[in-house]
Amino acid sequence: MDTEVLKTYFSALEPLATFEEGGEWLMVQVPAENWKNIARKVITERNYDFLFCVTCVDFKTHLTMVYHLRGMQTDETVVIKIQLNRDQPVVETVSDIWRTAEFHEREAYEMFGVQFTGHPDLRKLILPDDFEGFPMRKDFEDPINMIKL
Amino acid sequence: MYSETTIVTPDVLQQPLQEGQLVINVGPQHPATHGVLHLVITLEGETIIKIEPHLGYIHRSIEKMSESLTYRQFIYVTSRMDYLSAHINNLACAMCVEKGMQLEVPDRAQVIRIIMSELTRIASHELWIGAMAMDLGAFTPFFYTFRERETINDIMEQTCGARLTMNYMVPGGVMYDLHPEFVARVKSFVVQFKSKVSELEDLVTDNIIFRNRTVGVGVLSKADAISYGCTGPVARASGVDGDIRKRFPYSGYEKLQFEQCLDSAGDSFARYIVRIREMYQSIHIIEQLIDAIPEGEFQAKTKAVIKLPKGEFYTRVETARGELGVYIVSEGGTTPYRIKYRSPGFSNLSALNHMAKGSKIGDLMATMGTLDLVIPDIDR
């Protein structure tokens, strides 16, 4: 896999994309509002048909959604990152493009409070329905079972 | 089916059922879920309209716990995720820390790790076959599979000190050296397995009742398997050649000869056959290694306190259920800033609704059984 080819491709697709190297794979940071369009294009143009990891990281100043994508034929892997506002994290769902995102997005929704617009069934999956707060955020404090970090 | 819709509000969820529809609960305490999985099933007559999994009955937030544990400690919590492949979970975490430290693992440790992983895989598949056959009404195979599984557990107990949650892997190698009797006992197990597995196949594989209940049931196409993120035997039974041991070899798998077991049918019987064939391949791997365990150190020298550089590290291994990914975000300290476990069961379960929709409720046990769900692995 050639990083330069990927960089050229993503720069042409999204002029605002920034790149981060040094890890195992190329990391591409894209604006939240363009993510859906990018997702639609990469699955057909570069055959990234396998979304193997979706998660969110709380950096205290902002939230970052992390999508690990891989092409099953080519083994080409890329990591897409989206910075979200911590007070109002909203991003479009990709569960209609990769169906595995449906469950993973529900987990990110309940654990970090990220709103996925267009998600077919955005409800709590693991936590009880009446649970308040977003437990995986760094500033979460459980009044009953607090483990001080 | 997955068209764009707006966010679901409570009034949409509480829509009344249509006439003739019935909601039943399977679980959380149900003998066939082998754990606390809760399925809310909407039926029309005997036909499944929709399955909604409700998770979290055994959610311990291992990801959050790991954030407050050091890089040596967090490995042991992961034995409690997929407790049937505890070795392989520990291996994934140890490898991720080693990747961050850029640590070379001694050859002896690598070989021990592979042998242990493959023994774990056999034990896990043995348990699965017994339990799944029991779900489908055959009680005898359970005793046959547990005979072999107990042998493996005894071997594990002798070397690791535990039968289920081994906690044997540490960053840099394994915790202590093999028991002097290990090699002889594994060899006798290989002989035992080879002579006894045909009994199991006679009982289950060619059983007409078993075939009638599994062939053509719960079909998952190749494209759907990829889209739902299915991995492991579930995906391989649908023809997805995604075995991590072959595609992204780790820990020395690239030097070994073994086949990736594929099937194209994608039904419950294909998933069964793939697992049976995988056990033979695991035995084949163990046979290649058991006489060639290199001498030397079993653990690389590491500092007492491990610090990872700032950055992100991702490793993946093939557990008995599929691809387990460990994603560590490090801020340079002694504890991980964020850990995500991409567990195979979570993604495999998401395909259940798609696979079972439109089939009869009696077939659900075959479909769910062959997914090989381990609930602590899904809930984490």
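Values for this structure:
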item	result
Chain B: most fluctuating residue of B:Met101, B:Met132, B:Met156 per GNM, C-alpha cutoff 10 Å	B:Met101
Largest-first principal axis extents of the Cα set of chain A (Å)	52, 31, 25
Among B:Val105, B:Val23, B:Val36, residue whose mean-square fluctuation peaks in a GNM of chain B (springs only between Cα atoms under 10 Å)	B:Val23
Region A:44-109 versus region B:327-358: alpha-carbon centroid distance in Å	12 Å
Fewest-first sequence of B:Arg80, B:Arg275, A:Arg40 by Cβ atoms within 10 Å of each Cβ	A:Arg40, B:Arg80, B:Arg275
Surrounding net charge for B:Val183, when Lys and Arg each add one and Asp and Glu each subtract one, Cβ distance under 13 Å	-2
Reach of B:Lys307 by Cα under 14 Å, taken over aspartates and glutamates that are not fewer than 8 positions away in the same chain	B:Glu67, B:Glu98, B:Glu331
Per-bin percent of Cα-Cα distances, region B:70-202 [5 Å]	2, 10, 19, 21, 17, 13, 9, 5, 3, 1, 0
Dipole moment magnitude, nearest 20 debye, the protein assembly as shown about Cα centre, only Lys, Arg, Asp, Glu C-beta charged	720 debye
Reference-scaled alpha-carbon Rg (2.2 N^0.38 Å with N residues) for region B:208-335	1.36
Above-threshold pairs, the threshold being 32 Å between Cα atoms, out of A:Lys138/B:Lys222; B:Lys196/B:Lys246; B:Lys255/B:Lys340	A:Lys138/B:Lys222
For the protein assembly as shown, diffusion coefficient by Stokes-Einstein and Kirkwood Rh (Cα), 37 °C, 0.692 mPa s, µm²/s	137 µm²/s
Sorted by Cβ density within 10 Å, fewest first, the residues A:Met27, B:Met116	A:Met27, B:Met116
Taking N as its residue count, the alpha carbon Rg of chain B over 2.2 N^0.38 Å	1.01
Two-decimal ratio, region B:74-122, of alpha-carbon radius of gyration to 2.2 N^0.38 Å	1.15
Electrostatic dipole magnitude of chain B [Cβ: Lys, Arg +1; Asp, Glu -1; Cα centre; debye, to 20]	780 debye
Cβ-based net charge around B:Ala223, under 13 Å, with every Lys or Arg adding one and every Asp or Glu removing one	0
Highest-fluctuation residue, B:Gly322, B:Gly369, B:Gly229 considered, GNM on chain B with Cα pairs under 10 Å	B:Gly229
Order of B:Ser347, B:Ser198, B:Ser221 under a 10 Å beta carbon neighbour criterion, fewest first	B:Ser198, B:Ser221, B:Ser347
Fraction of the pair-distance distribution of region B:136-275 above 26 Å, Cα-Cα pairs, percent	44 percent
Gap separating the Cα centres of region B:162-187 and region B:189-245, nearest whole Å	28 Å
Tilt relative to chain A, helix A:101-112 - C-alpha long axis, 0 to 90 degrees, to 10	40 degrees
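Computed from the coordinates by the stated procedures, all read-outs in this text should not be read as laboratory data. Remember, it's a predicted structure, so these values are computed and weren't measured experimentally. Ideal geometry is used to build each Cβ from the backbone, glycine not excepted, and the neighbour counts take in all protein chains shown.
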